[in-house]
Amino acid sequence: MKGHDQGPLVGCHNSAQGGVHNALIEAKSLGATASQLFTSNQKQWRGKKISREEVAKWEEAKADSGVQVVISHDGYLINLGSHVDELLEKSRKAFIEEIERCQALDLDFLNFHPGTATDKNPERCLDTIVDSLLSFAPLFDKNQKLKLVLETTAGQGNTVGHTFEHLAYILQNCHHKVPIGICIDTCHIFAAGYDIRTPHAWDKTLKEFDEIVGLKHLDCMHLNDSLKGLASRVDRHSCLGYGEIGIEAFKFVMQDKRLKHLPKCLETPEKEARWEDEIQILKDFYYHKH
Ligand SMILES: [Zn+2]
Ligand SMILES: [Zn+2]
């Protein structure tokens, strides 16, 4: 509903151990209004189909949870830009199964990492990612709500997606055929070289994003501080306020009108010790209590 304040959509990456519905039970216990999860083992190629019993448990847990937006994160083995035919085929198959699980659970978003140029040819990798995404078009009919979201990366190793230009290239070449947007991971963009430590720096980075990608394509955020410095190209998450980014950046995110409505998930370490507090801090920022 436009103009209606639904409150902050904040949560974290919840554990689906023992069944996907457990992620929602965990989310509720932490006071979350958004949740991210792996719908199957993120370190294995073989993914399980979601059974009818699991859907029923999921729906019951969802209704009870207060969680308004749910995001899936794709598995770590998937590389939609692989130059090795066999790996590309396996990746596309695993991604299709992921889309099917997300649709079975009626999820809002499927967050995924663009890919890795293992042949050190990023241009070829980006084109292969576009081809992969276009091949998924038949899975999206008008009556489903799932949207893919491309996650910004730190640019570690040969991963692509660490520049706004990379993201724009992928998006522009497929968003007319497949529902797709962007997820900004604060740790990743900072490690990739985009400064967000002060309101001024955030503003400059967002304007650059708007010019190159378009803010209307921004759908989600991952809120993580960064253990490593600006432009380090190293992907190491840290608890909010305990890394190189600092807590002010997260206050900006929760209060800036361009970002405050977006669903945001923490992927910070020390889950048991910190997540409940971090969610509360983010909510307090949203309501200007700090
Ligand atoms: Zn990720
Ligand atoms: Zn992330």
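Every number in this text was worked out from the coordinates using simple rules, so none of it is lab data. This is a predicted model, so every value here is computed, not measured. Ideal geometry is used to build each Cβ from the backbone, glycine not excepted, and the neighbour counts take in all protein chains shown.
The tail of the calculated P(r) for segment 174-290 beyond 16 Å holds 59 percent of all Cα-Cα pairs. Assuming charge only on the beta carbon of Lys and Arg (+1) and of Asp and Glu (-1), the dipole of the chain about its Cα centre is about 280 debye to the nearest 20. List residues of segment 127-161, by number, whose backbone nitrogen lies under 19 Å from a label position 7 Å along Cα→C-beta of ARG258. What the label zone holds, given the 19 Å backbone N cut-off, is 150-153. Extension gain for the segment GLN280 to ARG233, taken as residue separation times 0.36 nm less the Cα-Cα distance, is 13.9 nm to one decimal.
Residues of segment 205-238 with amide nitrogen under 19 Å from the 7 Å Cα-to-Cβ point of HIS176? Flagged as within label range: 213-214, 216-217. Over all pairs of different C-alpha atoms, segment 31-286 has a mean inverse distance whose reciprocal, the Kirkwood radius, equals 18.6 Å. Rg ratio for segment 6-103: its Cα radius of gyration over 2.2 N^0.38 Å, N being its residue count, equals 1.16.
Which pairs, out of LYS48/LYS120; LYS28/LYS177; LYS228/LYS271, put more than 30 Å between their alpha-carbon atoms? Intermediate results must be reported in sequence, preceding the final value.
Values: LYS48/LYS120 33 Å; LYS28/LYS177 35 Å; LYS228/LYS271 20 Å.
Listed pairs above 30 Å: LYS48/LYS120; LYS28/LYS177.
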